[in-house]
Amino acid sequence: MANDNKGWDPSQLRKCDLEFEEIPRFVYNDPRVDEFISENKPVVILGSKLAKAAEKWTLDYLEKNMGNGDFTVFLSKNHKFKYYDDKKSMLKSNSDFIPPTKKLDMKLPEFIKRLREWKKGDDRLYLQQGLNNTVGPAIVHDFLNFDWNFCTSKQSKHNWGPLTSNLLLIGMEGNVTPCHYDEQQNLFAQVHGYKRCILFPPDQFDCLYPHPVHHPHDRQSMVDFDKPDYSRFPKFREARGCETVIGPGEVLYIPMYWWHHIESLMRGSYTVTVNFWYKGGPNGTVTYPLKGHQKVAVMRNVEKMLLDVLQDPKEIPPLLRAMVLGRYT
Ligand SMILES: CC1(C)c2ccccc2-c2ccc(C[C@@H](CC(=O)O)C(=O)C(=O)O)cc21
Ligand SMILES: [Zn+2]
């Protein structure tokens, strides 16, 4: 994956045991973009103006114009920012859960100061903030100047549901969002810096070992990509993914239910991304056999139903083993 003339080099990527296909890249008006989106396959969209209005969002500009509200910033003692569901972590059944990151409210100038002064080994920060009316008027103006015609035309052409949120993400070089899936369509617009994105289709569920649905790390893979435990997760070796490195002005379509691991390149600069999350559209006429993502939805429903009827999560494994082992294996 040599991209020597693209502002980064392979030495900035974290080591990973797996090999990946390249995610295709097409200019925004190439018909293959819509072919890939309609097949729920990832594609890098070049030359769109989707978040072009944000290309002036340097740290100075943001500091001057983001208003003086509090922003949501996650703190991690290492390079990983593994998402967790606060509500599920409060449940009695997850009382021994230790959140891997701390969620802070921080003023932007303080965040930017710590970003600028950060040294290897310091705690890492990741600003993740919904773009809403707390930001200053200049940012709202830029936001209104996003190419809404582009993303709205994708939303209607592919029968997506409503836009649910735009997250502004400002990450430190080397930050990693570990492998997980979301239940939304995602236009992931890279604004500043470079991010390496590793994606796996939903049918690789059995190679990526997600936490149980009721766990705070629901939807996140249990496999540590830096040091996979092949005795616990033997099928991880068989995982077949695709990857790309996206830079300023490039948009990655992350299809709903597709697993994604995202890293801000090491020894790169800070990264700025704006994502566009859309609810999935109606299923339409169901055809058989079900698609990978539909089977994931079925498995999620089975886990939810079992928790609902058994109440104690510890009762789920023995019941599933009794049902499957020796009978369906
Ligand atoms: C890790 C972090 C900051 C976080 C902590 C706690 C709760 C939620 C989240 C959250 C949600 C989305 C992202 C953006 C992106 C990954 C990336 O760009 O790093 C991604 O996964 C997507 O756009 O779907 C990042 C985060
Ligand atoms: Zn995600």
Length added when fully stretched, ASP122-ASP206, from 0.36 nm per residue minus Cα-Cα: 26.7 nm
Environment charge of HIS215, counting only residues whose C-beta is closer than 9 Å and scoring Lys/Arg +1, Asp/Glu -1: -1
Anchor LYS52: aspartates and glutamates whose Cα lies under 14 Å away (excluding residues fewer than 8 positions away in-chain): ASP142, ASP147, GLU250
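Could you sort 181-191, 29-39, 210-220 so that the peptide with the highest average Cβ count within 10 Å comes first and the rest follow in order? Intermediate results must be reported in sequence, preceding the final value.
Values: 181-191: 22.4, 29-39: 14.2, 210-220: 19.5.
Most protected by this proxy first, the peptides run 181-191, 210-220, 29-39.
What does the convex hull of the Cα atoms of the chain come to per residue, in Å³, rounded to a whole number?
Details: hull volume 50.7 nm³, N = 329.
Looking at the chain, the number lands at 154 Å³ per residue.
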Cα-only radius of gyration and Dmax that characterise the range 1-101, units Å: 19.9, 53
Residue-span extension gain [ASP226 to ASP312] - 0.36 nm each, minus C-alpha spacing: 27.7 nm
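Hey, can you rank 146-157, 262-273, 7-18 by average C-beta count inside 10 Å, highest first?
Numbers: 146-157: 15.9, 262-273: 21.8, 7-18: 13.8.
Ranking the peptides 146-157, 262-273, 7-18 by packing returns 262-273, 146-157, 7-18.
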In degrees, nearest ten, helix 292-310 long axis to first principal axis of the chain (Cα): 60 degrees
Out-of-range pairs (alpha-carbon distance over 22 Å; input LYS56/LYS157; LYS41/LYS304; LYS80/LYS102; LYS92/LYS314; LYS80/LYS119): LYS56/LYS157; LYS41/LYS304
Estimated FRET transfer efficiency when R0 is 30 angstrom, pair GLU22-LYS157 (beta carbons, to 0.05): 0.75
Nonlocal amide H pairs with VAL43, under 5 Å, H built at 1.01 Å: TYR253
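Starting from the Kirkwood radius over alpha-carbon pairs of the range 162-276, derive D by Stokes-Einstein at 10 °C in a medium of 1.306 mPa s and give it in µm² s⁻¹.
On the way: Rh = 14.7 Å.
Estimated diffusion coefficient is 108 µm²/s.
What FRET efficiency comes out for GLU238 versus ASP30 if R0 is 30 angstrom and r is the Cβ-Cβ distance? Round to the nearest 0.05.
Numbers: r = 32 Å, r/R0 = 1.08.
Efficiency, rounded to the nearest 0.05: 0.40.
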Spin-label pair SER269/THR329, simplified geometry with 7 Å Cα→Cβ offset, distance in nm: 5.2 nm
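Each value in this text was obtained by applying a stated rule to the coordinates, not by laboratory testing. Every value quoted in this text rests on a predicted model; they were computed, and no experiment measured them. Reconstructed Cβ throughout: ideal geometry from the backbone, glycine too, with neighbour counts over all protein chains shown.
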